There are 2 protein chains.
Amino acid sequence: MQKTYLYAPGPTPVPSEALLEMARPIIHHREAEFKPVFESCRRDLQYLFQTSRDVVTLAASGTGAMEASVTNFLKRGDKALFVNGGKFGERWGKILKAYGCEPVEVAVEWGQAVDPAAVAAALDADPAIRAVYVQASETSTAVMHPVKALAAVTGRRPGVILAVDGITGVGVFDLPMDAWGIDILLTGSQKALMLPPGLAFVAWSEKAEEFLKTAGLPRFYFDLKAERKKQLENQTAWTPAVSLVVGLREVLAQIRAETLEGVFARTARLAEATRKAVAALGLELYAPASPSDACTAVKMPAGVDGQALKKALRSRFGVIVAGGQDQAKGKIIRIAHLGHADTFDVVTAIAAVEMALAGLGHPVTLGAGVAAALKVLNG
Amino acid sequence: MQKTYLYAPGPTPVPSEALLEMARPIIHHREAEFKPVFESCRRDLQYLFQTSRDVVTLAASGTGAMEASVTNFLKRGDKALFVNGGKFGERWGKILKAYGCEPVEVAVEWGQAVDPAAVAAALDADPAIRAVYVQASETSTAVMHPVKALAAVTGRRPGVILAVDGITGVGVFDLPMDAWGIDILLTGSQKALMLPPGLAFVAWSEKAEEFLKTAGLPRFYFDLKAERKKQLENQTAWTPAVSLVVGLREVLAQIRAETLEGVFARTARLAEATRKAVAALGLELYAPASPSDACTAVKMPAGVDGQALKKALRSRFGVIVAGGQDQAKGKIIRIAHLGHADTFDVVTAIAAVEMALAGLGHPVTLGAGVAAALKVLNG
């Protein structure tokens, strides 16, 4: 008998309570019982996003919401800055290009966070830039970008909005949309929200509302104005992913019960414990300066291939982590600790990494990582 | 105690086997266990679509696949004919317009099927038209459009493709994509596929492949070329709706076991029984000439409001049917018999309609509709 432990940065484990809710007979979205479910979700999504604005739900995975945050706010030929320090940052550039906008890249070395001064300088150098696109947490490198500082940069410029991909940020660490002045914030269901993939969420500020009014890019399925209009009546423009919405009510209630502060503190503790364990094992972080609390990217020591370690973790212990992508392939593993994760998930992940490294011939003092983690977790 | 009976034309009931599959711990789409699941789905989707072409799966509801079948095959300014005889036909026009194509409407009276000769005449009148968009089954009016005849019309014209929305057609009645020469065929998960909404499917012909090569409309999330490329490796371009894909394998296996012929024959029998029951109750069909086997639209007799009947069915018997939309609001009810439906669903629906009509003061011989249905169902 071998259990399975899912520690990849999404899809993340789904709590049994949500799985069971979703296993109930399906309800019809045009019938009366859907409305209170959706109303409860809408209210709790505002709590999650820390906003008084409407949060719109889409039947799509996160990339759909990324596309919506381009097509609903820009016009053809618009210049838009995007922070490219990983696979997801790169995606902004591709979306902008696909829709005929002019992407202005601020390239960042993988493993590094963007310097807000570089973004400010780029905006100063080109006043035609209308929007800044960035990840709160760049999942491919496990970096947290400085959203608060970026929002201060765009907040001073009336003609520039800030769009933040919070797919592994929202519900992971503090991203108060209204308080910081984030203009567009989006996330997906399969990360901190502890649901299967298939739902995405977008909210936008009053400032972004002005951009929405003059947006000129083609869109239909992801028409945020049409969606908001219907969702204010607790309906959706197109058929919603009903079972996921039913699960959403459950997980949002769980987050409410723990409180956002509680979720952030738990996640931060698990992340810090993981980082301390990594150090105690003599390993290095891939993103030491600005690590995301969503997942920890661990640099492979000389002689250890990340893909081999990932494979050993899976086959020997049933532990699923993520490897590196593109230029980081084989060089890192990524251990997630967002969403439905607790103390013993970190203990399990670290214990498995210790044993798997030893098995691959890397010198490890078994238990050293776990001991370092426990010092944090017992705090 | 009152049970609930869902007889709206989608979402339709989900078999327990699929609900339980989807309630299992989530799997990761980049891990080894996803591939055989997706491979099995891909193979069975080809069986369902009756095609040797690839069927691409999208994380979206059906409207997303409708959009994809426009944006991946046309260019800005292209003329495209669409059949508008209901809410869903109308949607084609809106999508075409949103993406800067020039929609050419063939209007059809609600409750009627399109005349293939009218489509042929419109194509002859304007050789610039590059595509024909139609529903196999127009859910809002319960009409089946003559897809085979339409495919014969477009099949003779090398520069014109036929795109068929099979959302309540695929898996309901025979729509052999390859044999008939349908160029684009799409469907969604929440109808004959017996799943919750959240997945959509598209396949396209060799002829449409040529259109794909020269397509010029902006698209990213719904980029079929990119999706197909990944899906040939049993992966997806963006995060798939994993739990729904797991459910999909189960329902496709059920359809395989029953065989398509078996599914079509069962559905046709249920539809015929419903129509005979309607006649026996002295009521009329809204679409008598070309009724879809997906659902039956029943005209309300004088003095009976469709919305009141729908409400009575729900509150007195837990029976959920659909009402009419827009111009048909209050004038019809729609009783679905696609997907996970059997003999006793028709018996239940008709028995409930009889009692509800009587309750609303309409003269009914209780049991007359059921008796007529049983004559068909016992066949």
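The values are calculated or read from the model by the stated rules, or taken from the named source; none is laboratory data. Keep in mind the model is a prediction, meaning the values are calculated, not measured. Cβ placement follows ideal geometry from the backbone for every residue including glycine, while neighbour counts extend to all protein chains displayed.
Scanning region B:84-100 for residues that are free of Cβ contacts under 8 Å to residues at least 24 places away in the same chain and more than 12 Å from every other protein chain (Cβ to nearest Cβ) yields a count of 1. Can you tell me which residue within region A:283-321, out of those that are assigned to a strand (DSSP E or B) and under 18 Å from the mean Cα position of the chain (by Cα), is nearest to A:Ala136 (Cα to Cα)? Ranking the candidates gives A:Pro291 first. Quick check, is A:Val106 farther than 30 Å from A:Gly247 by Cα, more than 11 Å from chain B (Cβ to nearest Cβ) and out of contact with any Asp or Glu (no Cβ under 7 Å at 6 or more places or on another chain)? Yes: the conditions hold for A:Val106. Filtered by the rule that a residue be within 26 Å of A:Pro25 (Cβ to Cβ) and within 14 Å of chain A (Cβ to nearest Cβ), region B:39-69 gives B:Thr57, B:Leu58, B:Ala59, B:Ala60, B:Ser61, B:Gly62, B:Thr63, B:Gly64, B:Ala65.
If you go through region B:322-331 and keep only what is in contact with a Lys or Arg (Cβ under 6 Å, 6 or more places away or on another chain) and either more than 14 Å from chain A (Cβ to nearest Cβ) or in a loop (DSSP other than H, G, I, E, B) (or both), you end up with B:Gly324, B:Gln325.
Residues in region B:98-128 that are among the charged types (D, E, K, R) and in contact with a strand residue (DSSP E or B) (Cβ under 6 Å, 6 or more places away or on another chain) were compared, and the one that is nearest to A:Arg219 (Cα to Cα) is B:Glu102.
In the set (1) over 28 Å from B:Tyr99 (Cα atoms); (2) within 14 Å of chain B (Cβ to nearest Cβ), the condition left unmet by A:Val202 is number (1).
Of the residues A:Asp326, A:Asp305, A:Asp345, the single one that is in contact (Cβ under 8 Å) with a residue 60 or more places away in the chain, charged (D, E, K, R) and over 30 Å from A:Thr259 (Cα atoms) is A:Asp326. Counting only residues that are acidic (Asp, Glu) and closer than 17 Å to A:Leu338 by Cβ, region A:234-257 holds 0 of them. Listed by position, the strands (runs of 3 or more DSSP E) inside region A:128-245 whose residues that are closer than 22 Å to B:Gly198 by Cβ and either acidic (Asp, Glu) or in contact (Cβ under 8 Å) with a residue 60 or more places away in the chain (or both) number at least 1 are A:161-165, A:184-188, A:199-204.
Candidates are the residues of region B:1-23 that are modelled with pLDDT under 95 and over 24 Å from the mean Cα position of the chain (by Cα); the one that is farthest from the other protein chains (Cβ to nearest Cβ) is B:Met1.
Going through (1) farther than 27 Å from A:Glu109 by Cβ; (2) within 14 Å of chain B (Cβ to nearest Cβ) one by one, A:Cys295 falls short only on (1). Of all positions in region A:258-269, none carries a residue that is touching a residue at least 60 places away in the same chain (Cβ under 8 Å), in a loop (DSSP other than H, G, I, E, B) and either under 22 Å from A:His337 (Cα atoms) or in the same structural domain as A:Leu74 (by TED's automatic domain parsing) (or both).
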